[in-house]
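First comes the structure, then the notes that go with it.
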Amino acid sequence: MPETHAGQKSKSEQLDFVNYFVSYGYLYHQKDMLQDQGRMDGYRNAILMNARSFAGKVVLDVGTGSGILAIWAAKAGAKKVYAVEATSMSQHARRLVAQNNLQDVVVVLEGYMEKLEIPEKVDIIVSEWMGYFLLREAMLDSVLYARDTYLKPGGAMYPSHAQIIMAPLCANLHTQRAGEYADELGAWADFSEYMRASNGVEIGGLAEYYDREQFEYLLQTAHWCQLSQAEIIGDEFNLCEMDVHDVTVPQLSDVRCDFRSEIVAETELTAFGGWFDVQFKGSAAAPAGTPVPLSTAPGAPTHWAQQVFLVHPPLSVMEGDVVEGSVRLCRQKVNHRLLYVQVRFTLLRGGAPVEPERTCNYRID
Ligand code: SAH
């Protein structure tokens, strides 16, 4: 198990390390990220196509992992790059920095961003902090700590802006998950019969609890999915838009939007989809000469893919119907790196509700 040398950890930090950081200590996980071409193209272009913004600058890479962003920042001409990594992956990062002959520019530091001392203020902070649905993992908190502690006034965040985008779907995944749910309920009936016949014990009284458990897992947990454009059946809407230069942790911890989405086909509403975009535009005082986008929308091949929030039972919709409602995103109580999403919505036809408002709750685990 990778160890950090950033001093003693509290109980909650130890738990966080086991639950969250530990996988980042393995090369196979870093390799997965390094093989995500969409992600790599976005960051490589953002840094190398803006070499003029990096030349002669002091850069901080929050969560350097394998060291890739720090290495690109150095290649773009940075004067000094501080590359911070919580796990022992820092040792591999140091090896890669040396192998690429950048050891005079890149300083790799092992420890938590929040616990280390960076010896100077920086001009640019680069970080790949995005989790599923943008905010899963809550790593942006650490980046904002770094911003508030070390970024010079007017300094630039890479990425600089982010949005969470949602849309109503007729998702293929619904058929699959609803089928699995029905199969599980049937399997429980067979299991009850086996328990009675072979073991002489009645377990029928647990059926409703198994039903609830399977419903929560299969139909109320957000699912990772590679959606196609064809599954989107109405207008997209933004759950949030943020400027990474001034967003705060309380804002990230309780995100809300009202939405109105017009349906464009006669079909079934079986889910809502969610994904994110980020942009590298620099700061107002230090704008990027070449702004670069990185999208995880349906059709964009990144490891984030999209999140699907199933609507069960589905709703028949007509072209011109309107889905109106609100979305709320907050953090799970036990593990702040995981999320809850609540979607409340009403389907309107000719301006009148087709059925009472629905409230759907989901976990992003
Ligand atoms: N920058 C690399 C790795 C991104 S994954 C790349 O783009 O390929 C995020 C990395 O940040 C992980 O290696 C994780 O261990 C590290 N990390 C997350 N929170 C951190 C924190 N608070 N302090 C230091 N490292 C952190």
- Since Met242 meets every condition but one in (1) in contact with a Phe, Trp or Tyr (Cβ under 7 Å, 6 or more places away or on another chain); (2) touching a residue at least 24 places away in the same chain (Cβ under 8 Å), which condition does it not meet? (1)
- Note on the structure: The strands (runs of 3 or more DSSP E) lying entirely within segment 245-301 that contain at least 1 residues which are of a type outside the set (Ser, Thr, Tyr), at positive phi and in contact with a Pro (Cβ under 9 Å, 6 or more places away or on another chain) are 267-282
- The condition from (1) in contact with a helix residue (DSSP H, G or I) (Cβ under 6 Å, 6 or more places away or on another chain); (2) surrounded by fewer than 17 Cβ atoms within 10 Å (Cβ to Cβ) that Val264 misses is numbered (1)
- Query: Does Phe237 fit the bill of being under 27 Å from Ala171 (Cβ atoms), more than 20 Å from the chain's Cα centre (by Cα) and touching a residue at least 12 places away in the same chain (Cβ under 8 Å)?
  - Reply: no
- Is it the case that segment 159-178 has a residue that's in a loop (DSSP other than H, G, I, E, B), more than 16 Å from the ligand (Cβ to nearest atom) and more than 22 Å from Gly63 (Cα to Cα)? yes
- Query: Restricting the first residue to segment 169-197 and requiring it to be under 13 Å from Val308 (Cα atoms), which pairs with a second residue that is among the hydrophobic types (A, V, I, L, M, F, W, C) and in a helix (DSSP H, G or I) meet a Cβ separation below 7 Å and a spacing of at least six or different chains?
  - Reply: Arg177/Leu218; Arg177/Leu219
- Subset of segment 223-255 (residues that are among the small types (Gly, Ala, Ser) and either under 21 Å from Arg337 (Cα atoms) or modelled with pLDDT under 95 (or both)): Ser253
- Query: Restricting attention to segment 78-88, does a residue exist that is at positive phi, among the small types (Gly, Ala, Ser) and at pLDDT 95 or above?
  - Reply: no
- Pair list, Cβ under 6 Å, 6 or more apart: segment 114-132 residue within 30 Å of Tyr362 (Cα to Cα), other residue acidic (Asp, Glu) and within 13 Å of the ligand (Cβ to nearest atom): Gly131/Glu137
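Is there a residue being outside any strand (DSSP E or B) and either out of contact with any strand residue (DSSP E or B) (no Cβ under 6 Å at 6 or more places or on another chain) or not small (Gly, Ala, Ser) (or both) anywhere in segment 305-313?
no
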- From the list Ala46, Ala55, Ala76, which residue is closer than 18 Å to Asp123 by Cα and within 13 Å of the ligand (Cβ to nearest atom)? Ala46
- Message: I'm trying to understand the selection: among the residues of segment 148-158, which are in contact with a helix residue (DSSP H, G or I) (Cβ under 9 Å, 6 or more places away or on another chain) and away from the ligand (no atom under 16 Å from the Cβ)?
- Response: Gly155, Ala156
- Limited to segment 314-365, what total is found for residues that are in a strand (DSSP E or B) and either in contact (Cβ under 8 Å) with a residue 40 or more places away in the chain or not β-branched (Val, Ile, Thr) (or both)? 32
- Item | Hits in segment 12-43 (condition: polar (S, T, N, Q), within 11 Å of the ligand (Cβ to nearest atom) and within 15 Å of Ile68 (Cα to Cα)) | Gln30, Gln35
- In segment 114-147, anything within 11 Å of the ligand (Cβ to nearest atom) and in contact with a His (Cβ under 9 Å, 6 or more places away or on another chain) is listed as Ala138, Asp141
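The values are calculated or read from the model by the stated rules, or taken from the named source; none is laboratory data. Bear in mind the structure is a predicted one, so any value in this text is a computation, not a measurement. With ideal geometry, Cβ positions are generated from the backbone for all residues, glycine too; neighbour counts draw on all protein chains shown.
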